[in-house]
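The values are calculated or read from the model by the stated rules, or taken from the named source; none is laboratory data. This structure is a prediction, so every number in the text was calculated from the model and none was measured. Reconstructed Cβ throughout: ideal geometry from the backbone, glycine too, with neighbour counts over all protein chains shown.
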Amino acid sequence: MCGIVGIYSTQQVNQQIYDSLLLLQHRGQDSTGIATMDGSVFNLHKSKGQVKEAYRTRDMRRLRGNIGLGHVRYATKGSANREEEVQPFYVNAPYGIILIHNGNLTNTRELERDLFKVDRRHMNSTSDTEMLLNVLATELQSKVQPNDLQPDQVFSAIRSLHKRVEGSYASIALIAGQGILAFRDPFGIRPLVLGKRFSDREKEEWIIASESLVLENGDYEIVRDVNPGEAIFIDLNGRLFTSQCADRHTLVPCSFEYVYLARPDSVVNGISVYEARLRMGDYLAQTISKKFSTGDIDVVMPIPDSSRPAALQVSRTLGIEYREGFFKNRYVGRTFIMPGQLQRKKSVRQKLNAMGTEFKGKNILIVDDSIVRGTTSKEIVQMARDAGANKVVFTSAAPPVRHPHVYGINMPSRNELIAYNKTIPEIEKILGIDKLIYQEITDLTKSIVEGSKLKKLEMSCFDGEYVTGNITEEYLKWVEHTYLS
């Protein structure tokens, strides 16, 4: 999971991109990078760490140009600690291309072989983003004519790329002296949205970003989501060209965007994240009332922040008082995307504090957005016990996470998932809780798609069904071995 943004403007874009990345910081805190284009000259700065720490005034001054892109990263492929893995990536031919990517490629073994043996291209990192860039460069070079690059040539290159690349990818690229390119995988697994506004001189300015809140904050009109398989090219004059570049395409977005990843004030694939989370609470309350007698529960309590909407609806539907007992230190990163298990465990108590007056002698029903490894949940339950809770019921607005996620979320090893090959009573014992209740898979689906045109969701971490259809047991074992080695 990463956050990406690309902007075409009539003014300098460095500050706009910086501001956009601050809004996307929740999507990744390992590293960040900004690239701008001034005519045919690229300016680039990238660094490990968060946005507010990575850019100094002198860095921003060097990022000149009216076209640019930016990235925040949370590592799912490659090391989180190597400078070589920080995006954007660059190749010098054809023209010179800089690219950023949100997602995970799932045929990297085949691509690595073909890029070296067939295309004669060398990888300088273990990042699948660098592979994606080199595939794009190879295909674009084969389409380029002696005259200036034409949009049709760009779209032809993306058509070839779709045939070679498998997995999830929402990408933005700068082509030196030509324009800005954005494209999305044929299933639209990772989000990408297009926006427009007018400059003081009534000239169109464009933005492409992972989440709609970036557009709204910059006073852009949301035009639409980039379609699955579609490519968008904006030339140096601000002219926008679009083309459907995939032979087969259908929207099957990742359900975890709505459960946890996206900010609640975003609209993803035409669906309000906040309203989807409210519906998750409605359906979860129904399941709780069927599986558990709530008569002795004193309060419903969320784990801030992403579970708040669901907890509010659970409280409202069950008629149990809503209380805030956990308070968040906003200067600590999201524990789900901490790179290591020990760091996650340590960061839970740095991130959350339990207020004793809300727990002492009470029976607590806790609502969280999801339970992945169980590290955070176990620490939270112990905090509630230490604060004096009499009874702890733990509920999840998402179903049990039993399978690896291979499309851009850091869940590669089954043995790390607390629900893998375990019964609910076994999980209750590990977490130290009195009762555990999960959302039903069908209810999660209804929570997200209700009232929309969306028919299907990517839910592989819950049901083990991989939408790209190319994920084998052998591949999952290879991913686990690669991740743990």
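Looking only at helices (runs of 4 or more DSSP H) that fall completely inside the range 95-190, which ones have 1 or more residues that are modelled with pLDDT under 95 and in the same structural domain as Ser9 (by TED's automatic domain parsing)?
So the answer is 108-117, 128-143.
Quick one: in the range 217-244, which of the residues that are assigned to a loop (DSSP other than H, G, I, E, B) and hydrophobic (A, V, I, L, M, F, W, C) is farthest from Met1 (Cα to Cα)?
Leu236
Determine which single condition Gly333 fails, assuming it passes every other condition in (1) under 22 Å from the mean Cα position of the chain (by Cα); (2) at pLDDT 90 or above.
Status for Gly333: all satisfied but (2).
Restricting to the range 195-224, what's the tally of residues that are aliphatic (A, V, I, L, M) and surrounded by fewer than 15 Cβ atoms within 10 Å (Cβ to Cβ)?
0
Which of the residues that make up the range 121-133 are surrounded by 22 or more Cβ atoms within 10 Å (Cβ to Cβ) and not hydrophobic (A, V, I, L, M, F, W, C)?
Ser127, Asp128, Thr129, Glu130
Can you give me the number of residues within the range 199-216 that are outside any loop (DSSP other than H, G, I, E, B) and at pLDDT below 95?
Within the range 199-216, residues that are outside any loop (DSSP other than H, G, I, E, B) and at pLDDT below 95 number 0.
Go through the range 250-265 residue by residue and tally those that are in contact (Cβ under 8 Å) with a residue 60 or more places away in the chain and surrounded by fewer than 18 Cβ atoms within 10 Å (Cβ to Cβ).
1
Take the range 31-43 and flag every residue that is surrounded by fewer than 17 Cβ atoms within 10 Å (Cβ to Cβ) and part of a strand (DSSP E or B).
Asp38, Val41
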